[in-house]
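J.: First, the structure itself, so that you have it in front of you.
The values are calculated or read from the model by the stated rules, or taken from the named source; none is laboratory data. These numbers come from a predicted model, not from an experiment. Glycine gets a Cβ as well: all are built from the backbone with ideal geometry, and neighbour counts include every protein chain shown.
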Amino acid sequence: MALEEALLAFWFLLPAYVANPMAVVFGGGAPVDLGRTMRDGRRVLGDGKTWRGFAGGVASGFALGGILALLGTLAGPRLSFGEWPGVLGVLVLLPVGALLGDLLGAFVKRRLGLARGAKAPGLDQYDFLIGVFLVLILLVPSWWLARFWTGEAVWGLGFIILITPVLHRVVNVIGYRWGHKREPW
């Protein structure tokens, strides 16, 4: 049962997981912070967070989510993202929450004086996950509770917490080797 819950949790978070690397692939152009600095003289977010990357990450996560939601509807209730058309909101919130978490992570790193690409263990791996979970808990709590907290679903949440740093590292090494990232972490 725990393995099934782990796979289900991963299934439901795939649109969030794909948003970050696709933001890197589509990135470039105008930075989200528009070059602004805070009172400490440091950039709000930095050049690594761009509007094009944000839009590309959201669109990619939404597209993958749409495919998974359709497959889930066909496969049965365990894989279902929810009822149509209401599920569309969840499919937007998954990548948006992930990328808002990533932006928050960049904001914290700049406040700590860490340069773009500097390591921030824990923050680098979990910022997007914190973002997506906060957005889901605040905006669609019943959806989050049913898939990550209620009953056996908590096993899936534990799996996500354990597997995320490994996935983060693997995806970043791939992005580095393909020339999309400056550093492999």
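J.: Report yes if ARG78 is in contact with a Gly (Cβ under 9 Å, 6 or more places away or on another chain), surrounded by fewer than 19 Cβ atoms within 10 Å (Cβ to Cβ) and touching a residue at least 60 places away in the same chain (Cβ under 8 Å), otherwise no.
T.: The answer is yes for ARG78.
J.: Within the bounds of segment 129-147, is there any residue that is surrounded by fewer than 13 Cβ atoms within 10 Å (Cβ to Cβ), not β-branched (Val, Ile, Thr) and not in a helix (DSSP H, G or I)?
T.: From segment 129-147, those surrounded by fewer than 13 Cβ atoms within 10 Å (Cβ to Cβ) are 138, 141-142; that's our starting set.
This time we only want the ones that are not β-branched (Val, Ile, Thr), so: 138, 141-142.
Keeping just the survivors that are not in a helix (DSSP H, G or I) gives none.
Looking for residues that are surrounded by fewer than 13 Cβ atoms within 10 Å (Cβ to Cβ), not β-branched (Val, Ile, Thr) and not in a helix (DSSP H, G or I), one finds none in segment 129-147, hence no.
J.: Name the single residue that is farthest from the chain's Cα centre (by Cα) among those in segment 109-126 being within 12 Å of GLY46 (Cβ to Cβ) and part of a helix (DSSP H, G or I).
T.: ARG111
J.: Take THR150 and tell me if it is among the hydroxyl-bearing types (Ser, Thr, Tyr), more than 30 Å from ARG39 (Cα to Cα) and part of a helix (DSSP H, G or I).
T.: no
J.: Still on this structure: Hey, does segment 35-51 have a residue that's part of a helix (DSSP H, G or I), buried (at least 20 other Cβ atoms within 10 Å of the Cβ) and touching a residue at least 40 places away in the same chain (Cβ under 8 Å)? Spell out how you get there, then give the answer.
T.: Of all residues in segment 35-51, those part of a helix (DSSP H, G or I) come to 51.
After this cut, where a residue has to be buried (at least 20 other Cβ atoms within 10 Å of the Cβ) as well, the list is none.
Taking every residue of segment 35-51 in turn, none turns out to be part of a helix (DSSP H, G or I), buried (at least 20 other Cβ atoms within 10 Å of the Cβ) and touching a residue at least 40 places away in the same chain (Cβ under 8 Å).
J.: Given the conditions (1) outside any helix (DSSP H, G or I); (2) of a type in the set (A, V, I, L, M); (3) out of contact with any Pro (no Cβ under 7 Å at 6 or more places or on another chain), report the number of the one that LEU99 does not fulfil.
T.: Answer for LEU99: the failing condition is (1).
J.: For segment 15-34, what are the residues that are under 19 Å from HIS168 (Cα atoms), outside any loop (DSSP other than H, G, I, E, B), over 13 Å from the mean Cα position of the chain (by Cα) and without any contact (Cβ under 8 Å) to a residue 60 or more places away in the chain?
T.: Across segment 15-34, the qualifying residue is only PHE26.
J.: Which pairs do you get when a residue that is touching a residue at least 60 places away in the same chain (Cβ under 8 Å), found in segment 56-71, comes within reach of a residue that is of a type in the set (Asp, Glu) and not in a helix (DSSP H, G or I), reach meaning Cβ atoms under 6 angstrom, with the pair 6+ apart or on two chains?
T.: none
J.: Which pairs turn up if I take residues in segment 140-166 that are of a type outside the set (A, V, I, L, M, F, W, C) and look for partners that are modelled with pLDDT under 95 and not in a helix (DSSP H, G or I) with beta carbon separation below 9 Å, at least 6 apart in sequence or on another chain?
T.: Close Cβ pairs satisfying both conditions: GLU152/MET1; PRO165/PRO121; PRO165/GLY122.
J.: Right, something else. Considering (1) more than 14 Å from the chain's Cα centre (by Cα); (2) farther than 23 Å from VAL25 by Cα, say which one VAL170 fails and leave the rest.
T.: (2)
J.: I'm told VAL96 meets every condition in (1) in contact (Cβ under 8 Å) with a residue 12 or more places away in the chain; (2) surrounded by 15 or more Cβ atoms within 10 Å (Cβ to Cβ); (3) over 19 Å from LYS181 (Cα atoms); (4) over 18 Å from the mean Cα position of the chain (by Cα) except one. Can you identify the failing condition by its number?
T.: Looking at each condition in turn, VAL96 falls short on (4).
J.: Among the residues of segment 1-45, which ones are at positive phi and at pLDDT 95 or above?
T.: Answer for segment 1-45, where residues must be at positive phi and at pLDDT 95 or above: GLY29, LEU34, GLY35.
J.: So, of the residues in segment 108-128 that are of a type outside the set (D, E, K, R) and touching a Gly at 6+ places or on another chain (Cβ under 9 Å), which turns out to be surrounded by the fewest Cβ atoms within 10 Å (Cβ to Cβ)?
T.: ALA115
J.: Also, I was wondering about something else. Take the conditions under 21 Å from the mean Cα position of the chain (by Cα), surrounded by 15 or more Cβ atoms within 10 Å (Cβ to Cβ) and over 30 Å from ARG116 (Cα atoms) and apply them to LEU68. Does it pass?
T.: yes
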